1. In nm, to one decimal, how far is the A:Thr45 label point from the A:Leu202 one, both placed 7 Å along Cα→Cβ?
2. Which cross-chain or sequence-distant (5 or more) residues have an amide H under 5 Å from the amide H of C:Arg191, H modelled 1.01 Å from N in plane?
3. Just to be sure I understand: chains C and A are related by a rotation, so which residue of C has its Cβ closest to that axis, and how close in Å?
4. Just the C-alpha atoms of the range B:97-217: what Rg/Rh do they give, with Rh taken as the Kirkwood radius?
5. Give the relative contact order (percent, whole number) for the range B:112-202; include only Cα pairs under 8 Å separated by 6+ residues.
6. At C:Met162, label 7 Å along Cα→Cβ: distances to the other copies, nm, ascending?
7. Starting from a Cα-only point model with no solvent, please compute log10 I(q)/I(0) by Debye for the range C:27-93 at q = 0.11, 0.16, 0.20 1/Å.
8. Partner chain Cβ atoms within 10 Å, averaged over the residues of C:62-75 - can you pull that number for me?
Amino acid sequence: MANGTTKISTLDPVNSDDATWILTASFVIFTMQTGFGLLESGAVTKKNEVNIMMKNAVDIILGGLTYWMYGYGLQYGTGPWTNSFCGVGSFFLDAEPEDMGIAFATFIFHLSFATTATTIVSGAMAERTSFNAYCVFSLFNTVTYCIPAGWLWGSHGFLKKMGAIDFAGSAGVHLLGGVSALTSAIMLKPRLRRYDNGLDPLPMGNPINAIVGAFTLWAAVTTINASLAGGFVGLISTYVKNRKFLVGDIINSILGALVGVT
Amino acid sequence: MANGTTKISTLDPVNSDDATWILTASFVIFTMQTGFGLLESGAVTKKNEVNIMMKNAVDIILGGLTYWMYGYGLQYGTGPWTNSFCGVGSFFLDAEPEDMGIAFATFIFHLSFATTATTIVSGAMAERTSFNAYCVFSLFNTVTYCIPAGWLWGSHGFLKKMGAIDFAGSAGVHLLGGVSALTSAIMLKPRLRRYDNGLDPLPMGNPINAIVGAFTLWAAVTTINASLAGGFVGLISTYVKNRKFLVGDIINSILGALVGVT
Amino acid sequence: MANGTTKISTLDPVNSDDATWILTASFVIFTMQTGFGLLESGAVTKKNEVNIMMKNAVDIILGGLTYWMYGYGLQYGTGPWTNSFCGVGSFFLDAEPEDMGIAFATFIFHLSFATTATTIVSGAMAERTSFNAYCVFSLFNTVTYCIPAGWLWGSHGFLKKMGAIDFAGSAGVHLLGGVSALTSAIMLKPRLRRYDNGLDPLPMGNPINAIVGAFTLWAAVTTINASLAGGFVGLISTYVKNRKFLVGDIINSILGALVGVT
């Protein structure tokens, strides 16, 4: 699609050093999918381990495919019908050979954000959705993500025009993902038999994998100071509350702080 | 070996930005070894898990050592006896201090390709070769890879002279690895008791590891669009054929597409 | 803290290309924590798997927090009381906005070295320290590391002034970590029941994780030739000694060579 090129060039100009950095960053962001998969599959019961891992694969397959088909266009399209609510254009993204490297580096970077936003929700739905239903969700969450993300980052977006700046995805990825996650958690209700034995959290099926997942996510973000403070608070508070160190509490404090700092 | 330096400089010139990128890319390609190891060891039966993981370690140890000893020389050597069939020179590669960074960045990049080509074959031999025999294979596969790879990428290569371009290893790594893999699979025949219970694939020993391995490989390549389409076709076809989603089928469609796009 | 900025600028000047490379390298070094965690938790008995993984998390949380609080200042501080034994200044590191990117890239790079030095010791203490005691150790090891590391790398350091060069952490990380590790191993004595069945090493609880950990560490260093030779010697010697290939021996030869080459 020839007009893909001109669309891309309306983004901030990107040189080849930037493209290299964007590709490296995209690799790093993509490893977050491994991290999320291990963390979530380690935290659920053994019998759902494979199920949740495959959900994270579907996030990329279907979330990525739809991002290419219409997500990028809704978020960054600059065709004639573009308005301050959503972009129109650059559907089924393509680029001329001379711009290809930069266009695709930009595309893959934003794609990795979009699939991450979907992955956030999968944790909140863990063990309570069928795989088929999740596939359908995955197809549509691209719309739920891309339109508000365009408000923030697209040149057409009304939040951008009002001067909003979100350079790490605080609102665009985490607030949005968090609200979707909360909505789905409320709709799905607690898992069956969750409170049969009181309020205590269920034991993790595979704590080693959960910790490896947390490490992987941790490595992928260099905003380290927040996580140190978060982890420290987690260490202290889990010990004060329970007289012992709970793996889940500590992991969650580290990751909560990482999200907070974006 | 002083003449190592001059050999290197016959390659395309590489500046320090390129060297940085090559080193980053080599790190990424090296993580593919972790990915292959997890994928293969997760896909075989539990009792062969450690065996196949160690095979992948041997690919790097012996494959890498022989690449340094004679592989690089056969592929890129430009000594007096070089001909259009194979390079001669730069054996036991060394470089003068002033060229060291660039020479070794180039070397490690090509080494990671060479060991990947060997690793492809290890999957096809899984559970049917003794560890000792595999070590011997690993020593010699460097020759099997480096000579044809030199045809494509060495300045002496007859395919290069005919204008062949293969910038992602389509022929040099995947076609070559695939043919070696097929040859070994035919020579080794199916594993014992493979078809005792009909044609259905044997269950994976550790599907979580297999999926983590697939994610790692996926992250390492940024040619993402093909994998999305491949994964999508896999999702649909495994469901249509089996009325359920088979982990192995989906993984294989994603990876097949990634190979296809090189 | 305003004077943080001026401190940073006494380091070698760093441009934005360097900052990109330093951040990439820091990501890579951080993945070593995942590698160490998997290697150590895979090598101990099953019941201590989670314990040792959490120790590695504490290395980053407490080691990182104290590095920010006083470690960096002891190592690189250039305040008025700085002497050839230790730096003073830049405590609770901060930077002016105009220098932020470079200052924090430098900081996170050195932080990853400091936490790695602590992690080296955790392996030597495996299965013989309580989690609480380890947390206290982790807080203080920052001092044990940062003062001697300042001798080598700080502009005030007496070893630096004498012309010592250690560009990969040979003395600063590995010699120091090794001596701390040896000291703690001697203080803690062998684990209970270690020699009940003779001198043979205890079986690994999870060899797959140990190997994945070794791969991760391997990928993180590009000084590959040494590891090939090390692995080769390991392969041969474990076979000659035991008439079989021992996973632990081979892993240790690879990693030993990687340490040796720094």
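Read the figures in this text as sums done on the coordinates, not as results from a lab. Keep in mind the model is a prediction, meaning the values are calculated, not measured. Cβ: placed from backbone, ideal geometry, glycine included. Neighbour counts: every protein chain shown.
1. Placing both labels 7 Å along Cα→Cβ, they lie 0.5 nm apart.
2. The answer is none.
3. For the rotation taking chain C to chain A, the closest Cβ gives C:Thr24, 3.
4. That ratio equals 1.06.
5. The normalised contact order for the range B:112-202 reaches 40 percent.
6. In ascending order, 6.4, 6.4 nm.
7. Debye output, listed in q order: -0.40, -0.65, -0.78.
8. 2
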